[in-house]
1. Please compare each pair in K62/K166; K79/K175; K79/K166 to a cut-off of 31 Å on the Cα-Cα distance and tell me which ones are over it.
2. Show which aspartates and glutamates lie in cross-link reach of K171 when reach means a straight Cα distance below 19 angstrom and same-chain residues fewer than eight apart are skipped.
3. Starting from the Cα-Cα distance between V210 and A131, subtract it from 0.36 nm times their residue separation and give me the gain in nm to one decimal.
4. So, in nm, how far is label L159 from label Q7 when the simple model puts each one 7 Å beyond its Cα toward the Cβ?
Amino acid sequence: VLMAAGQTVYAVVDQVQMPAWIERNGISQPLEPGKILQNRDRVITGSEARVLIRLAEGSAVKLGENAQLDLNALGQREKRVFTAALDVAQGAFRFTTGIFSKTKHHRAVNVRIATITAGIRGTDLWGSSDAERDLVCLLEGRISIFHPLDEARELSEPLSFYVVPKGGAPKPVDKVAPEQLATWAAQTEVQSGSGYARRGGKWKVDLATVDSEAEALAQLGGGGLDVFSRIVGLLA
């Protein structure tokens, strides 16, 4: 279990490729690295965004762009079993172990990707929900799959995936080609050169000396007038 200033922490934001937000008690705020997440929090990502969340037992949750994740049941039950219920209403999602800790932990994590619920017992999976279908793909380990229109299934073969067309019945379990999996996986990975922020990461501020407002606006690029006006307002 993670600790911060004497507080038990079950989930914390590790990396953010903006824009992304947290909704808590009906209030929306920009998401930033180091933000401690609580039960009933909602994480939302915008266009081209990515978010990496560290869970208390060392696993990681990755979100792609235009995603929505609700966190519930964060806690620890008897025998130090970590619990979580992760509800992905839309977007691409990955749950993976071993990023933050190589030690094996006991966990009881359920992930719901729109209409599909996956029970995780120490594994690596990728899933997504969009306007056409809901999908879960097993990368490693074992998951139990549940859907209202199908019998319970267990996936144990790596690269097995389960897909449900919107408004339709689940399709038989199939196997994804490595090339397609690479395309899917890239949707939840932070993009190099994107200027993402991470806990403990370095940052810098670029300054320029100019002789006129026109040159300042040129340095700011698109939207420069609005930004410049706000800066002037703050300095006035």
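Where a number appears in this text, it was derived from the coordinates with a stated rule and is not lab data. Note that the structure is a prediction, hence the values are computed from the model and not measured. Every residue, glycine among them, receives a Cβ derived from its backbone with ideal geometry; neighbour counts consider all protein chains shown.
1. Beyond 31 Å: K79/K175; K79/K166.
2. Filter leaves D130, E132, D134, D150, E151, E154, E157.
3. Computed gain between V210 and A131 is 23.6 nm.
4. Modelled inter-label distance: 4.4 nm.
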